[in-house]
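For reference, the structure is listed below as structure tokens.
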Amino acid sequence: MAGLWHQVLRTMSQPGAAPDDDLLARAAADIALRDHPHPPADAETVLAIARAEFAAVLSLGQAQEALDLARGPKTDRHMGGG
């Protein structure tokens, strides 16, 4: 994940540059999984973190996709977090 954070810092530190929403979604998902292991983070948590940490307004789909990517390959998890 160090590469992800390097990309976030680089894009956010460039004056006038608009960070990529998908990049910020991935960063927010990384924070969500680290800070909210029990109960497991959900897409709403990712949206709240993106808004608070990066002033990014994402779609629910972007948040869910980033969360799924951050969790890694799917195992026998049931969809919907249940």
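The values are calculated or read from the model by the stated rules, or taken from the named source; none is laboratory data. These numbers come from a predicted model, not from an experiment. Quick reminder, even Gly has a Cβ in these numbers, built from the backbone with ideal geometry, and neighbours come from all protein chains shown. SASA here: full protein model, heavy atoms, side chains in, ligands and nucleic acids out. Shrake-Rupley method; radii C 1.70, N 1.55, O 1.52, S 1.80 Å.
Contact map, segment 1-20: residues that are over 14 Å from residue 56 (Cα atoms) and open to solvent by 90 Å² or more (accessible area, probe 1.4 Å) paired with residues that are assigned to a helix (DSSP H, G or I) and not aliphatic (A, V, I, L, M), Cβ distance under 6 Å, separation 6+ or inter-chain. Pairs shown: 1/30. Taking every residue in segment 29-56 that is farther than 26 Å from residue 17 by Cβ and pairing it with any residue that is outside any helix (DSSP H, G or I) and among the charged types (D, E, K, R), at least 6 positions away or on another chain, the pairs with Cβ-Cβ distances below 9 Å are 36/42.
If you filter segment 22-47 down to residues that are open to solvent by 70 Å² or more (accessible area, probe 1.4 Å) and acidic (Asp, Glu), you find that the one that is farthest from residue 57 (Cα to Cα) is 35.
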